[in-house]
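A short worksheet on the structure shown next.
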DNA sequence: TTGTCAAGACGAACCGTCTCGTCTCGTTGG
DNA sequence: CCAACGAGACGAGACGGTTCGTCTTGACAA
């Protein structure tokens, strides 16, 4: 998976073509939605043959995943870290408010909706998503929580995966199901109550 | 909207036909997924003309919503209530564990995945879903929490919608994004921490 | 020589609309 | 009381349009 052992004679893959396809795919899914995205449309707009897309991506899902991945900052960045000022609630609130603002950007909202819809139905695509986007992000969040845990700000018994879900799932759910308003105020309230539920059960006194 | 003022002469709608269409739609989406469901397939399997489906449903989304709604217990039931033994944590854990078990049933899992995927992308369908399925369920949950709030078991300042999200979103998220195991144990842990975060900040004594 | 590229032809599947003939119904007038 | 009538639901399927994923062609670069 890491490096292809193939001899690699013959013409090399054109990086510009790959970039053009991904950029066009992002635009199309942002404009027409996932159901409205067709490989033919992407090929035509990108000035590319259909076969070039089918050669490198198995289908719509993988294409959109790559397209969103390309536009997401800090996803594959190994050195990235969540803010750590010592104030856990303020740090997490900042991250969640930033998420809310990202989800409010119309283009990103529609593109991510397309990807999310595909993930709900396609188990294999969900696996790729977990591996390449959600997993790394979750690792950052767990690292920040672990530091708080070691500083005695969190229940030492708490499962960090559950903790991450408790803090971030409510906002994600509101967004994906449109079940309520998505405001910085709501984000801060969620963080406040989630952290209260994750704090050490017996106060240090 | 309440009562049709139309004279309604002519042949009446056949309830058996409606039921056959919805049952078939549920089976098809459970078997082939939302993307694999076509109106033609449902019509053929149900032994029904395509026009009969297009006459009563605007498209795939509304059809699948009705199909899932038909199989969901307690959704439109006005008299339904969440359990209330006085032990809030035990009551909510029972509900969430039941949800986990429902989501573990393969047929229901796949059908609900189809509906969920459609909802993420289609704002109008999401509105219908909120109105007919999520809204009523949320009302039951809020009623149970409100009673706990009045009994002094919950922070009187807490927004009940946020409270519902904090308790139920983590499990829903795990299911839809396949981001972690879905076990009764996890459900109980989520309820425990969520309620701790929603309790009255200063103990009554 | 080998593999990538753009272009597009190809048959299959499904779309949503439309038409047809049949089958219930409620209404109406004898 | 009871035929005749008309409105609307129903099964069946034809229709033109769109997209699917595969396949072919010829140019081109390593």
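No value in this document is a laboratory result; all are computed from the given coordinates. Computed from a predicted model, the values in this text were never measured in an experiment. No Cβ is skipped: glycine too gets one built from the backbone with ideal geometry, and neighbour counts run over all protein chains shown.
In degrees between 0 and 90, to the nearest 10, how far off the longest principal axis of chain A does helix A:15-36 point, with axes built from Cα atoms? Tilt relative to chain A: about 70 degrees.
For every helix of n ≥ 4 consecutive DSSP H residues, a contribution of -39,500 (n - 2.57) applies; sum these over chain A, divide by its total residues, and give [θ] at 222 nm rounded to the nearest 500 deg cm²/dmol. List each step's numbers first, then the result.
Values: 10 runs with 138 residues, N = 205.
After summing the helix terms and dividing by the residues of chain A, the value is -21500 deg cm²/dmol.
Between the helical axis of B:60-71 and the longest alpha-carbon principal axis of chain B there is an angle of about 60 degrees. Which shape class applies to the protein assembly as shown: rounded if a/c is under 1.5, otherwise prolate when a/b exceeds b/c and oblate if not, where a ≥ b ≥ c are the square roots of the Cα gyration tensor eigenvalues? Since a/c reaches 1.5 but b/c is at least a/b, the shape of the protein assembly as shown is classed as oblate.
Here the relative contact order of the range B:78-172, from alpha carbon pairs under 8 Å that lie six or more residues apart, stands at 26 percent.
Axis-proximal residue of chain A for the rotation onto chain B, reported as residue and distance in whole Å: A:197, 1, based on Cβ position.
Could you state the angle between the C-alpha long axis of helix A:184-198 and the longest principal axis of the C-alpha atoms of chain A, as a value from 0 to 90 degrees rounded to the nearest 10? Roughly 60 degrees, rounded to the nearest 10. For chain A, the relative contact order comes to 22 percent (Cα pairs under 8 Å, sequence separation of at least 6). Full extension of the chain segment joining residue B:98 with residue B:38 gains 18.5 nm, where the gain is 0.36 nm per residue of separation less the Cα-Cα distance.
Using a 7 Å projection from Cα along Cα-to-Cβ, the label point at residue A:185 is separated from the same position in the remaining copies by 4.1 nm, smallest value first. Note that the range A:21-121, at 10 °C in a medium of 1.306 mPa s, gets a Stokes-Einstein diffusion coefficient of 106 µm²/s from its Kirkwood radius over C-alpha pairs.
For residue A:12 and residue A:84, FRET efficiency with R0 = 51 Å and r from the beta-carbon atoms, rounded to 0.05?
Working: r = 43 Å, r/R0 = 0.83.
Once rounded, the FRET efficiency stands at 0.75.
Just to be sure I understand the curve: with the Debye formula and one point per C-alpha of the range B:77-205, what is log10 I(q)/I(0) at q = 0.09, 0.12, 0.15, 0.16 Å⁻¹? For the range B:77-205 at q = 0.09, 0.12, 0.15, 0.16 Å⁻¹, log10 I(q)/I(0) is -0.28, -0.50, -0.77, -0.87. FRET efficiency for residue A:54 and residue B:71, Cβ-Cβ distance as r, R0 = 35 Å, nearest 0.05? According to the calculation, E is roughly 0.40.
Over the C-alpha trace of the range A:112-175, radius of gyration and Dmax come out as 13.9, 40 angstrom. Relative to the other identical copies, residue A:80 shows label-point distances of 3.9 nm, where the label point lies 7 Å from Cα along the Cβ direction and values run shortest first.
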